[in-house]
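*Asks:* Got a structure for you, questions after.
Values in this text are rule-based calculations from the coordinates and carry no lab data. Nothing here was measured: the structure is a model prediction, and the numbers come from that model. For neighbour counting, all protein chains shown are included, and Cβ atoms are generated from backbone atoms with ideal geometry for every residue, glycine included.
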Amino acid sequence: MSGRDSQHLHPRTQALLEELLSDFIACRHRPSELISRYRIGLGARNSLFYCLGYLAKADGRVTENDIRFAEHLMTGLGLSPRQRRKAIRRFHHGRDSAQLSALKLTGFRLQGPWPQRTSLLIGLCLCHSAGLFGAPEKPRRYRCEDAFYHLGLPLAAMDRVFRLYRQEVWISAPAPKPETLQDAWHILGVQPGASFTHIKRRYRQEVSRYHPDKLGDNLSAAEKAHARDQLLRLQQAWEVVKRRERLTR
C-alpha cells in the first residue's frame, strides 16, 4: 500500500479494505455478487442509490450502463418490488441533483471513528460506477470524490480501489506474450517445477474463472475486455507448458 494510503487510513480501516478487496477479486470484480453477501441497512441503501444517480449524470446524461449497474445491485441486494421502487426514486433524486444534499444522506451512519466494512463496500460500488467506462474522466472522478466526502469515507480508500482497477480491470495495453516456462508458471500461478498434471488442473481452474460462459452478462465493457485478455494469457501460457512437455518426452 502506498505511503499516501498508509497516512490517511486508520489501520483497522486499511485491514477491512484489503479484506474486502480480496473478496472482490474472488467475485471476479462483480460488485453485485459481493454486495449479496452483506446486510445493507435502509439508510446505507438510500445513500448508495442517491449517489449512484448523482454519479450517473456526471457527463450530462445517464447511460444504459449506469442503469444496468444500479439494477444489478438491486438484484444483488435482494430488494423487494417496493424496495426497488424506493431505490429507483433515490437514483432519480441523485440524477436530478446538481450537488449532493447532506439532508438526503442523513441515514448513512458510520459507527465509530473509522468506516466499517459495509461502508467501504458502498464506497467500492461508487468507484465501480465511476469507472464503468474505464479509468474515470474528471467529471466522474470529481463526483465520486464528492460522494466519498459527503459520506465521510476517506479519499485514500477511493485511491486504493482505483489502483486495483488500474492493475486488474482498466488494462490499456496487452501484456507481453509468455515465452518461457517461468513466464507460464507465473501466469498460471503455480510453483516452479510443478508437475504437468498439476499445471493442467490449475489451468482448467483459472480458465473457468474467465470463460464467457461463466461470467454472465452483468459486466462492463472494460471488465469483458479484461476477461478476454486474461483468458488469452492463460491459453498462451498453457501452450508454452504443452510445448515444453512435448520436448521432454
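*Asks:* Remind me, what semi-axes does region 16-130 give for its equivalent ellipsoid, largest first in whole Å, using sqrt of 5 times each Cα gyration tensor eigenvalue?
*Replies:* Working through the eigenvalues yields semi-axes of 21, 17, 14 Å.
*Asks:* Determine the relative contact order of the chain: mean sequence separation of Cα pairs under 8 Å and six or more apart, normalised by residue count, in whole percent.
*Replies:* 22 percent
*Asks:* Starting from 0.36 nm per residue, how many nanometres of slack lie between GLU71 and HIS8 once their C-alpha separation is accounted for?
*Replies:* 19.4 nm
*Asks:* Cα axis of helix 11-26 to longest principal axis of the chain: angle in degrees, 0 to 90, nearest 10?
*Replies:* 60 degrees
*Asks:* Would you mind getting the Kirkwood hydrodynamic radius of region 1-79 from its Cα pairs, rounded to one decimal in Å?
*Replies:* In region 1-79 this quantity evaluates to 14.4 Å.
*Asks:* Taking the 0 to 90 degree range and rounding to the nearest ten, how far is the long axis of helix 155-168 tilted relative to the main principal axis of the chain, both from C-alpha atoms?
*Replies:* 30 degrees
*Asks:* A further question on this structure: Output the 0 to 90 degree angle, nearest 10, between the alpha-carbon long axis of helix 138-151 and the longest principal axis computed from the alpha carbons of the chain.
*Replies:* 60 degrees
*Asks:* Sticking with this one: Counting Lys and Arg as +1 and Asp and Glu as -1, what is the net charge of the other residues whose Cβ lies under 15 Å from the Cβ of PRO176?
*Replies:* Net local charge, PRO176 excluded: -2.
*Asks:* Hey, another quick one. Dipole of the chain (Lys/Arg Cβ +1, Asp/Glu Cβ -1, origin at the Cα centre): which of PHE148, THR197, LEU77 lies farthest to the positive side?
*Replies:* It is LEU77.
*Asks:* Once the principal axes of the Cα atoms of the chain are found, what is the range along each, listed largest first in whole angstroms?
*Replies:* 71, 38, 32
*Asks:* May I pose another question? For region 141-210, report the translational diffusion coefficient in µm²/s to the nearest whole number, using Stokes-Einstein at 10 °C, 1.306 mPa s, and a Kirkwood Rh over Cα pairs.
*Replies:* Here the translational diffusion coefficient equals 104 µm²/s.
*Asks:* Follow-up question, since we're still on this one. Cut-off 10 angstrom, C-alpha nodes, Gaussian network model of the chain. Which of LEU232, LEU132, LEU120 fluctuates the most?
*Replies:* Looking only at LEU232, LEU132, LEU120, the biggest GNM fluctuation is shown by LEU232.
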